1. Hey, does segment 20-41 have a residue that's part of a helix (DSSP H, G or I), more than 34 Å from the chain's Cα centre (by Cα), of a type in the set (V, I, T) and surrounded by 10 or more Cβ atoms within 10 Å (Cβ to Cβ)?
2. Out of S14, S61, S6, S56, report the one residue that is out of contact with any Phe, Trp or Tyr (no Cβ under 9 Å at 6 or more places or on another chain), hydroxyl-bearing (S, T, Y) and loosely packed, with under 10 Cβ neighbours inside 10 Å.
3. I'd like to verify a number: residues in segment 42-85 that are under 31 Å from the mean Cα position of the chain (by Cα) and outside any helix (DSSP H, G or I), how many?
Amino acid sequence: MNDVSSVNDQIIDSVTGMVTLMTGQAPSHAFGLLDAVMVESLGMAMHYAVSRQQNSSLISSAAVTAACAKMLAVQAPQPPAPPPPAPARP
């Protein structure tokens with residue numbers, strides 16, 4: 001068969017084998033991608049949790065610092081002035 005429109009049987013078998021191989025590997029490839037996405041999402045969630053914790057600690061420290069600064073800025077009450085001396089009697 002030297003017909004130009006015919007395809008060699010070895011090529012047909014090779015293409016069929018590749019299609020079968022790719023079809024068989026599709027579920028494991030999909031699960032691999034799913035695992036990669038899950039790991040990335042978990043990593044981002046952990047990053048955000050740590051960032052949120054650090055920010056809340058920073059806000060807490062700022063609140064304590066502001067409260068201490070207000071306490072230090074308050075003037076101590078002055079003692080009352082002594083009463084004037086009584087006038088002398090003649």
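Read-outs: derived from the displayed coordinates by stated rules, not from any lab. Everything quoted here is computed from the prediction, not taken from an experiment. When we count neighbours, we look across all protein chains shown, and the Cβ atoms used for this are built from the backbone with ideal geometry, even at glycine.
1. yes
2. S6
3. The total comes to 0.
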